[in-house]
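Student: To start, I am sharing the structure in question, which I have written as structure tokens.
The values are calculated or read from the model by the stated rules, or taken from the named source; none is laboratory data. Only a predicted model underlies this, so the values are computations on that prediction, with no experimental measurement involved. Note: ideal-geometry Cβ built from the backbone for every residue, glycine included; neighbour counts use all protein chains shown.
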């Protein structure tokens, strides 16, 4: 576990650096009214905290498929930044009053609460565009862009399904919930792992295998989130549904099965340790 902790810390730091580079304010139009706040909103959305799980997964997958040091590879760094920028856009829009109406995230004001709804909408739009812009100069731009674009489409469809479930809980069944898991959360994890494999130059079969693992890990990640939320609700005296604890082992097993298609080696062992960490995490 120490090896995983140290690797995740190093990869998260590399991702943080790539994100800061991506979000450097444009000095050319800094004097235009509104743009300083817009740039500040972008940085607040991305640089105000976060575990960087998805970019770390990108770098781990790149290492598993052949890059000895993915933090030094421009394509892998760009892919890691791109998946976190796309993730950040989804969070900014999820928090809006028209969606989840959240005013706090990670203990700080959400983008709309701090900068206003209009700026938050535009910041989300800008983050999505920046995600694709990071991939444009890469060696594998067409492959990487296609992977990210599919995730961007899927996560929106997952959000639509999630909003429908909240509005009509009586019409929501297990298949609907599985769809939300796979698209709202799993799609970004799928893309994170597939981007890493593609950045490493892996063949299509290996990129698909990486994506399958990412999807399984994303579903496990969401299931543990739901379990933690249910525990917090009970501790606060609020009614809570049955937590999905019984399903966690099955989701973790699906991750292990997907990893069987990965090349054996230290990076794949770290991914196994990551599955165990996600399965047992408490925050």
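Student: May I ask you to list the residues in the stretch 83-111 that are in a loop (DSSP other than H, G, I, E, B), more than 14 Å from residue 121 (Cα to Cα) and in contact (Cβ under 8 Å) with a residue 24 or more places away in the chain?
Tutor: Scanning the stretch 83-111 gives 106, 107.
Student: A further question follows. If only one of 233, 225 is at pLDDT below 90, more than 20 Å from the chain's Cα centre (by Cα) and in a helix (DSSP H, G or I), which one is it?
Tutor: Within the list 233, 225, the selection yields 233.
Student: Just checking, does the stretch 25-39 include any residue being closer than 19 Å to residue 148 by Cβ and either part of a strand (DSSP E or B) or touching a residue at least 24 places away in the same chain (Cβ under 8 Å) (or both)?
Tutor: No, because not a single residue in the stretch 25-39 is closer than 19 Å to residue 148 by Cβ and either part of a strand (DSSP E or B) or touching a residue at least 24 places away in the same chain (Cβ under 8 Å) (or both).
Student: Could you say whether any residue in the stretch 41-59 is farther than 28 Å from residue 213 by Cα, free of Cβ contacts under 8 Å to residues at least 60 places away in the same chain and assigned to a helix (DSSP H, G or I)?
Tutor: Looking for residues that are farther than 28 Å from residue 213 by Cα, free of Cβ contacts under 8 Å to residues at least 60 places away in the same chain and assigned to a helix (DSSP H, G or I), one finds at least one in the stretch 41-59, hence yes.
Student: If you check residue 135 against the conditions, is it surrounded by 22 or more Cβ atoms within 10 Å (Cβ to Cβ) and without any contact (Cβ under 8 Å) to a residue 60 or more places away in the chain?
Tutor: So residue 135 passes the test.
Student: Looking only at the stretch 112-152, which residues are within 16 Å of residue 192 (Cα to Cα), assigned to a helix (DSSP H, G or I) and more than 19 Å from the chain's Cα centre (by Cα)?
Tutor: Within the stretch 112-152, 141, 142 qualify.
Student: Here is a list: 2, 21. Which entry is surrounded by fewer than 16 Cβ atoms within 10 Å (Cβ to Cβ) and without any contact (Cβ under 8 Å) to a residue 60 or more places away in the chain?
Tutor: Among 2, 21, only 2 is surrounded by fewer than 16 Cβ atoms within 10 Å (Cβ to Cβ) and without any contact (Cβ under 8 Å) to a residue 60 or more places away in the chain.
Student: Consider the stretch 66-125. How many of its residues are out of contact with any strand residue (DSSP E or B) (no Cβ under 8 Å at 6 or more places or on another chain), under 24 Å from residue 189 (Cβ atoms) and surrounded by 15 or more Cβ atoms within 10 Å (Cβ to Cβ)?
Tutor: Qualifying residue count for the region: 32.
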